[in-house]
1. Residue-wise, which Karplus ³J(HN,Hα) couplings in Hz belong to the stretch 130-143, taking 6.51 cos²θ - 1.76 cosθ + 1.60, θ = phi - 60°, and x for glycine or proline?
2. All other residues with a Cβ under 10 Å from the Cβ of Glu51 taken together, and with Lys, Arg as +1 and Asp, Glu as -1, what is their net charge?
3. Using bins 5 angstrom wide from zero, how does P(r) for the chain break down, in % of all Cα pairs?
4. Which of Glu28, Glu64, Glu131 ends up with the largest GNM mean-square fluctuation for the chain, with Cα atoms connected below 10 Å?
5. Residue by residue, what Karplus-based ³J(HN,Hα) values in Hz, rounded to whole numbers, does the stretch 19-28 have, using 6.51, -1.76 and 1.60 with θ = phi - 60° and x for Gly and Pro?
6. For the stretch 75-142, state what percent of all Cα-Cα pairs lands in each successive 10 Å bin, counting from 0 Å until the bin that includes the largest distance.
7. With every protein chain left in place, what is the accessible area of Ile104 in Å² (1.4 Å probe, nearest 10)?
8. Springs between alpha-carbon atoms under 10 Å, Gaussian network over the chain: tell me which of Phe99, Phe33, Phe11 tops the mean-square fluctuations.
Amino acid sequence: MNKINIVYYTFTGNTLRMVKAFEKGLQEANVPFKSYSIVELKDDNEVFDCEILALASPANQTEEIEKNYFQPFMERNAKKFKDRKIYLFGTFGWGSGKFMSNWIKQVEELGAKIVELPMACKGSPNSETKEKLANMAKKIATM
């Protein structure tokens with residue numbers, strides 16, 4: 001079983017609802033995991049102590065990941081992403097969710113491997129989206 005860490009940022013609570021659904025899937029799969037709010041993160045190294053790192057962010061208005069916490073996190077830890085297994089998910093309130101394809105590209109350029117296609121949700125995740133995310137967590141847990 002993989003240890004999975006989750007680093008997330010939430011502004012309106014929509015991304016946090018996705019994180020909770022992902023955590024539920026991990027709990028059901030009896031997988032060790034720990035979640036970190038990027039706002040409260042004290043030690044970046046701690047989050048990289050895992051087999052798979054899940055990152056969750058809402059989109060900024062410019063179709064990018066959150067700029068005050070997540071973008072600096074990605075920049076200061078760029079070298080730690082090499083050969084790392086990553087799963088991405090998040091929310092957006094406008095636009096088309098293009099931020100996710102930009103984020104995939106950024107992560108792959110850092111040398112990481114995306115383990116499954118990311119999930120992006122417009123607005124608050126409904127029960128179907130939450131169920132899909134929980135099932136994705138179970139799938140990732142057994143990789």
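1. 4, 5, 4, 5, 4, 5, 4, 4, 5, 5, 5, 4, 9, 5
2. Net charge in that neighbourhood comes out at +2.
3. 2, 11, 22, 25, 23, 14, 4, 0
4. Glu28
5. Values, residue by residue: 4, 4, 5, 5, 4, 4, x, 5, 4, 5 Hz.
6. Histogram of Cα-Cα distances, whole percents per bin: 20, 44, 32, 4.
7. Its heavy atoms expose roughly 40 Å² to the probe.
8. Phe11
The values are calculated or read from the model by the stated rules, or taken from the named source; none is laboratory data. The structure presented is a predicted model; accordingly, all values stated were derived computationally and were not measured. Here Cβ is always computed from backbone atoms with ideal geometry, including for glycine, and neighbour counts include all displayed protein chains. Please note that ligands, DNA and RNA were not included when accessible areas were found on the heavy atoms of the full protein model with its side chains. Shrake-Rupley method; radii C 1.70, N 1.55, O 1.52, S 1.80 Å.
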